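Working notes, structure below.
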Amino acid sequence: MNEIVLEIDSLSKRYGQIQAVENLSLNISRGTVCGILGPNGSGKTTSLSMLLGIVRPDSGSYSWFGGRMNGAKARKRIGALLETPNFYPWMNAEENLRILSHIKGVNPSLQDELLDIVGLADRKHSPFNTYSLGMKQRLALAGALVGDPDVLILDEPANGLDPQGISEVRSVVRQIAALGKTIIMASHILDEVEKVCTHVAILKKGVLLAYGSTGSILDNCLECEASCDDPDRLFAVFSELSFIKNLRQNGQGVVLFEIPVGQDPASLNQLAFSKGLILRQLHCKRRSLEAEFLKITN
Amino acid sequence: MVGRLVWLLKLEWLKFKNLRVFRALAIAYTLLLMAGLLVFKAMPELPGETFLQDLFAFPVIWKWLGYGGNWLSFFCLGFMGILSVTTEFTNRTARQNLITGLSRDDFLKSKVLFLLAVAMAATVVYVLVGFAYGLLHSKLLSAALIFGSAGPWVIGRYFLMCLGYLTLGLSAGFLFRKSGLTIFAYIIYVSFGELFIRWVIHLKVLGGGRSMVYYPANALGYIMPVPIGMDELAVMTRESGIDFIMRPTEAAVTVIVYTVLMIGGSWLLVRKRDF
């Protein structure tokens, strides 16, 4: 688990006036399922493109598999779906996967199994240009799995998929993660990332704002709300507690605040009662990744 | 080493064997090379003009077939060279090839190998059609007569011409990446652009002399030139001060140099640019 699969050191890329990625440094261990989050234009795809050798970084470096292999050799051990599915439109699914197998130097006879996994076995003889966007995305996922890669890079894997397809992608990602493979996944669907990823990296305007285990990013505080007959007095009581952060009122008689994980909310109820305040509600919940993402990126 | 080359060649074969436009260009090249000269059969002979009589016989057939092949190579092989690259960028399969594990160098090598194979195949067609016409129309046969004074080198020149057009298309493809734009630029350059550069910029503006002949499309034109009137034209041009006619061997050497330069330029583009 602790073996570093990907080491990124101060990677930067500029397109004209736009700094697409700035000094990105990151280590990803084997078996990690890393979600890369960021608004549009935050540098997610550029970062992944540099790691896959199709975009030249202006500065910085990266190494795969502890530097044991790099360049094309390393990429043969990586499966990737980057942006749009890229296949030869005049070929069918089988012929397209055959080319990927040829490049990776693996037996193409395993293709049928992959097409089965992504639900394209029935259409394997249809030309790629007759596929719907969802089918193209499924084929791209099958393509990324050719050669049983050690690392899977997925850029918006649920793009264009129907709810069933999204659920299937999630299931495939979980199956692969369960095998101990490393997965790096850029996605806009935060719920998806929260459900699947062990680690999260948050980018904005090419800068890495946060990186850590999903738990560490989500679990460092609880969001709470409390109400009683005298919210102003409750506000005053809570404002004396140093561990309470971001204390405010919403204007409808509800006091909002954050407490560290580990702080028992029952103690707040007890304190309020001792001050003669009877709480009508006290509700604490872990902050969602979406809330954390919005907080970090704004 | 050989196994790796075969592996790269097979990769290109897997990609393009079923591409309709490639098939159409290959078929058009073969059929037109086979049938194109038959147009002359339908022509009436002009008084005093005898070239139509032995047009299909050895060794003249190589020149006429080579001249016809020059036009076909400009279109069919040039377009194949272009499409072998631009289809990869238009469909973004070039980047997918790299992502999957192909190196940038191998990407270019596979293209060059594929074009070498196409040039060889095109030359084989030329040789087979030439022999077929020659054997059917020559009264006397001898080894010396088959290729005439030029010898079998004419086949080598034909191969270089095919490779030259393919490489010109390939390098234009790497430069422009988009099929329509590249085909437009290729046709404009070969048809008018280079003439303008040679006669206006090189000769008039820069005051260059005979060096204005050493341009790729010009050399490709003279490597398999029009079979009649070249000697007379050469004398006339020499008398006028500038000898702008290239001899076939001179053209062949120029084509070799440009082929190497164009592959080198493509290599730089593949190495430096993002995919």
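The values are calculated or read from the model by the stated rules, or taken from the named source; none is laboratory data. No experiment lies behind these values; they were computed from the predicted model shown. Methodologically, a virtual Cβ is constructed for each residue, glycine included, from the backbone with ideal geometry; neighbour enumeration extends over all protein chains shown.
Things worth noting here:
Listed here are the residues, each with its yes/no results for (1) within 14 Å of another protein chain (Cβ to nearest Cβ); (2) in a helix (DSSP H, G or I); (3) surrounded by fewer than 19 Cβ atoms within 10 Å (Cβ to Cβ); (4) not β-branched (Val, Ile, Thr).
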site: B:Leu115; (1), (2), (3), (4): no, yes, no, yes
site: B:Val124; (1), (2), (3), (4): no, yes, yes, no
site: B:Gly130; (1), (2), (3), (4): no, yes, no, yes
site: B:Leu136; (1), (2), (3), (4): no, yes, yes, yes
site: B:Phe147; (1), (2), (3), (4): no, yes, yes, yes
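- Residue that is in contact with a Gly (Cβ under 9 Å, 6 or more places away or on another chain) and either closer than 30 Å to B:Leu55 by Cα or modelled with pLDDT of 95 or more (or both), where the choices are B:Tyr189, B:Tyr222, B:Tyr214, B:Tyr258: B:Tyr258
- Test result for A:Ala93, small (Gly, Ala, Ser), in contact (Cβ under 8 Å) with a residue 24 or more places away in the chain and more than 7 Å from chain B (Cβ to nearest Cβ): yes
- Inter-residue pairs, beta-carbon under 6 Å, first within 14 Å of chain A (Cβ to nearest Cβ) and in region B:71-96, second crowded, with 23+ Cβ neighbours inside 10 Å and among the acidic types (Asp, Glu), 6+ apart: B:Ala94/B:Glu88
- Within region B:86-112, if we keep just the residues that are farther than 27 Å from B:Met161 by Cα and among the charged types (D, E, K, R), the residue that is surrounded by the fewest Cβ atoms within 10 Å (Cβ to Cβ) turns out to be B:Arg92.
- When A:Gly53, A:Gly79 are screened for being over 19 Å from A:Cys197 (Cα atoms), within 13 Å of chain B (Cβ to nearest Cβ) and out of contact with any Phe, Trp or Tyr (no Cβ under 6 Å at 6 or more places or on another chain), only A:Gly53 passes.
- Looking at B:Pro227, B:Pro216, just one residue is touching a Lys or Arg at 6+ places or on another chain (Cβ under 6 Å) and surrounded by 13 or more Cβ atoms within 10 Å (Cβ to Cβ), and that residue is B:Pro227.
- In region B:29-52, the residue that is surrounded by the most Cβ atoms within 10 Å (Cβ to Cβ) out of those that are modelled with pLDDT of 80 or more and among the small types (Gly, Ala, Ser) is B:Gly36.
Conditions (1) within 13 Å of another protein chain (Cβ to nearest Cβ); (2) closer than 17 Å to A:Lys181 by Cα, marked per residue:
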| position | (1), (2) |
| --- | --- |
| A:Pro85 | yes, no |
| A:Leu110 | no, no |
| A:Asp122 | no, no |
| A:Gly143 | yes, yes |
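- Put simply, of A:Ala158, A:Ala178 the only residue that is free of Cβ contacts under 8 Å to residues at least 40 places away in the same chain, aliphatic (A, V, I, L, M) and surrounded by fewer than 18 Cβ atoms within 10 Å (Cβ to Cβ) is A:Ala178.
- Subset of region B:138-183 (residues that are over 22 Å from B:Val112 (Cα atoms) and of a type outside the set (A, V, I, L, M)): B:Ser138, B:Lys139, B:Ser142, B:Phe147, B:Gly148, B:Ser149, B:Gly151, B:Pro152, B:Trp153
- Residues satisfying the stated conditions in region B:97-113, i.e. of a type outside the set (Val, Ile, Thr) and within 14 Å of chain A (Cβ to nearest Cβ): B:Asn97, B:Leu98, B:Gly101, B:Leu102, B:Ser103, B:Arg104, B:Asp105, B:Asp106, B:Phe107, B:Leu108, B:Lys109, B:Ser110
- Candidates A:Leu203, A:Leu247, A:Leu208 - the one that is farther than 18 Å from A:Phe273 by Cβ, modelled with pLDDT of 85 or more, surrounded by fewer than 18 Cβ atoms within 10 Å (Cβ to Cβ) and in contact with a strand residue (DSSP E or B) (Cβ under 8 Å, 6 or more places away or on another chain): A:Leu247
- Only a single item in (1) within 14 Å of chain B (Cβ to nearest Cβ); (2) touching a helix residue (DSSP H, G or I) at 6+ places or on another chain (Cβ under 6 Å); (3) in a strand (DSSP E or B) is not met by A:Ile36, and it is number (1).
- Number of the exception - B:Leu115 against (1) out of contact with any helix residue (DSSP H, G or I) (no Cβ under 7 Å at 6 or more places or on another chain); (2) hydrophobic (A, V, I, L, M, F, W, C); (3) within 22 Å of B:Gly164 (Cβ to Cβ): (1)
- Among the residues listed as A:Val261, A:Val237, A:Val207, A:Val255, the single one being among the β-branched types (Val, Ile, Thr), touching an Asp or Glu at 6+ places or on another chain (Cβ under 8 Å) and more than 30 Å from A:Arg170 (Cα to Cα): A:Val255
- Taken together, A:Ala72, A:Ala20 contain a single residue that is within 14 Å of chain B (Cβ to nearest Cβ) and touching a residue at least 60 places away in the same chain (Cβ under 8 Å), which is A:Ala20.
- Of all residues in region B:1-21, exactly one satisfies the criterion of being within 9 Å of another protein chain (Cβ to nearest Cβ), of a type in the set (A, V, I, L, M) and free of Cβ contacts under 8 Å to residues at least 60 places away in the same chain, namely B:Leu14.
- Region B:229-275, subset within 14 Å of chain A (Cβ to nearest Cβ) and either aliphatic (A, V, I, L, M) or part of a helix (DSSP H, G or I) (or both), residue farthest from B:Lys109 (Cα to Cα): B:Lys272
- Apart from one condition, A:Gly41 fits all of (1) under 20 Å from A:Ser187 (Cβ atoms); (2) assigned to a loop (DSSP other than H, G, I, E, B); (3) touching a helix residue (DSSP H, G or I) at 6+ places or on another chain (Cβ under 8 Å); (4) not polar (S, T, N, Q); the exception is (3).
- Residues that are more than 18 Å from the chain's Cα centre (by Cα) and touching a residue at least 40 places away in the same chain (Cβ under 8 Å) within region A:138-147 comprise A:Leu139, A:Ala140, A:Ala142, A:Gly143, A:Leu145, A:Val146, A:Gly147, listed in sequence order.
- Options B:Leu203, B:Leu195; residue that is without any contact (Cβ under 8 Å) to a residue 40 or more places away in the chain, within 28 Å of B:Leu37 (Cα to Cα), surrounded by 13 or more Cβ atoms within 10 Å (Cβ to Cβ) and aliphatic (A, V, I, L, M): B:Leu195
- For region B:100-148, filtering for residues that are within 17 Å of B:Gly68 (Cβ to Cβ) and among the β-branched types (Val, Ile, Thr) leaves 5.
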